[in-house]
Amino acid sequence: MERDFWAGQRPVRHAPGCPLPFHPLDLGNEVLRVFFGFVLEGRADDGCFHPEDVTLSAFREADQQARQAEPRAAAQRTVRAR
């Protein structure tokens, strides 16, 4: 995948003076397409999906801290009661 970029087969068109034979963002987008199946910019194909369509679960650290706080408070009450 990367070989085409280094061989100059994907030349820089929008960044004159770039010292590489390709633009780094073009390589990055191609890596996203090949390895992860989506692109942020550039050429998408039928196998790509839109990252905005992925549902992510969210977790709150505060919930975990609250669960840990109650046993600590109970232990403290036990120690104080002695």
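The values are calculated or read from the model by the stated rules, or taken from the named source; none is laboratory data. Here the structure is a predicted model, which is why all the values come from computation and not from measurement. Backbone-built Cβ (ideal geometry, glycine too); neighbour counts: all protein chains shown.
Restricting the range 28-42 to residues that are in contact (Cβ under 8 Å) with a residue 12 or more places away in the chain and within 17 Å of Arg10 (Cβ to Cβ), the residue that is farthest from the chain's Cα centre (by Cα) is Gly42. Say whether the condition of being modelled with pLDDT of 80 or more, touching a Gly at 6+ places or on another chain (Cβ under 8 Å) and surrounded by fewer than 13 Cβ atoms within 10 Å (Cβ to Cβ) is met by at least one residue in the range 40-59. Yes, because at least one residue in the range 40-59 is modelled with pLDDT of 80 or more, touching a Gly at 6+ places or on another chain (Cβ under 8 Å) and surrounded by fewer than 13 Cβ atoms within 10 Å (Cβ to Cβ).
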